[in-house]
Amino acid sequence: MRAVIQRVLDATLTVNGQEISKIGNGYVIFLGVAVGDTEQIADYFIKKIPPLRINEDENGKTNKNITDVGGEILLVSQFTLYANTEHGNRPDFLRAEKPARAEELYNYVVKGLRQAGLTVKTGVFGEDMKIKQTNDGPFTIIIEK
């Protein structure tokens with residue numbers, strides 16, 4: 001599993017021109033599920049994301065977590081995080097989990113983060129989504145397990 005976390009001032013996700021989700025201050029998280037990922041791996045992300053101190057305090061130091069700043073999360077499934085570009089010019093996605101299982105684990109992470117007390121908004125799994133976001137910093141990190 002891979003998560004690309006971008007700190008944002010705001011973000012809006014649309015599908016077919018219709019607004020599906022909108023957040024203010026917080027994180028846009030692109031989540032990729034690999035073949036063989038499990039609930040135990042997802043639990044690592046559920047436990048790791050809430051306490052991450054990647055928000056600035058009053059001194060400009062990254063000492064605050066998402067709860068400290070009242071932030072929200074826009075969690076977007078992103079199988080392309082497992083693109084293999086080693087051969088040729090067209091990536092393959094063989095390391096990405098099949099859609100049904102990937103959606104199960106994506107929903108598991110959404111539920112787990114919500115149970116941790118976070119506001120989590122989502123996209124529409126498997127749809128062509130358009131995301132507008134105002135990156136803050138920019139500050140982007142990658143978590144892998």
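Tabulated results
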{"quantity": "Among the residues listed as THR85, THR119, the single one being surrounded by fewer than 14 Cβ atoms within 10 Å (Cβ to Cβ), hydroxyl-bearing (Ser, Thr, Tyr) and on the phi < 0 side of the Ramachandran plot", "calculated": "THR85"}
{"quantity": "Test set (1) part of a strand (DSSP E or B); (2) of a type in the set (Asp, Glu); (3) surrounded by 15 or more Cβ atoms within 10 Å (Cβ to Cβ) - GLU103 fails condition number", "calculated": "(1)"}
{"quantity": "Residues that are surrounded by fewer than 14 Cβ atoms within 10 Å (Cβ to Cβ) and in contact with a strand residue (DSSP E or B) (Cβ under 7 Å, 6 or more places away or on another chain), drawn from the range 36-49", "calculated": "LYS48"}
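A quick yes/no check of all residues on (1) closer than 19 Å to THR12 by Cβ; (2) touching a residue at least 12 places away in the same chain (Cβ under 8 Å); (3) among the aliphatic types (A, V, I, L, M):
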| residue | (1), (2), (3) |
| --- | --- |
| ILE46 | no, yes, yes |
| GLU72 | yes, yes, no |
| ARG95 | no, yes, no |
| ARG101 | no, yes, no |
| GLY117 | no, yes, no |
| GLN133 | yes, yes, no |
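FYI, it's all coordinate maths here, none of it is from the lab. Model, not experiment: these values are computed from the prediction. All Cβ positions, glycine included, derive from the backbone under ideal geometry; neighbour counts span all protein chains shown.
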